[in-house]
């Protein structure tokens, strides 16, 4: 049985149909809310006159969406790095335990 279906996600006023696994719908919907929240934060931050003093060009909606994407992917990369480090630490602890057991016999 195919457990996929198509949902329509509205991001920054645009609709995107996406075929996903049914059990991941909540994740995608929460992601869209977070994208909209962060994009709106960037829009607020880069409104005039602040944007004019920080940039030689006008910051538009696409810039805000792209900055949101950069931030999200950066956070994901950091989480992957931390996860890898935790997994390595667990493996090392396991090896140390095995060595300690071996040496104590």
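Any read-out appearing in this document is the output of simple, stated calculations on the displayed coordinates, not a laboratory observation. All figures in this text were calculated on a predicted structure; none of them were measured in a lab. Every residue, glycine as well, gets a Cβ built from its backbone with ideal geometry; the counts of neighbours run over all protein chains shown.
Structure data summary
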quantity	calculated
Between helix 61-104 and the chain: long-axis angle, C-alpha atoms, 0 to 90°, nearest 10	0 degrees
FRET efficiency, 1/(1 + (r/R0)^6) with R0 35 Å, evaluated for residue 93 and residue 36 via beta carbons	0.25
In degrees, nearest ten, helix 25-45 long axis to first principal axis of the chain (Cα)	50 degrees
Taking all pairs of distinct alpha-carbon atoms in the chain, Kirkwood radius in angstrom	17.7 Å
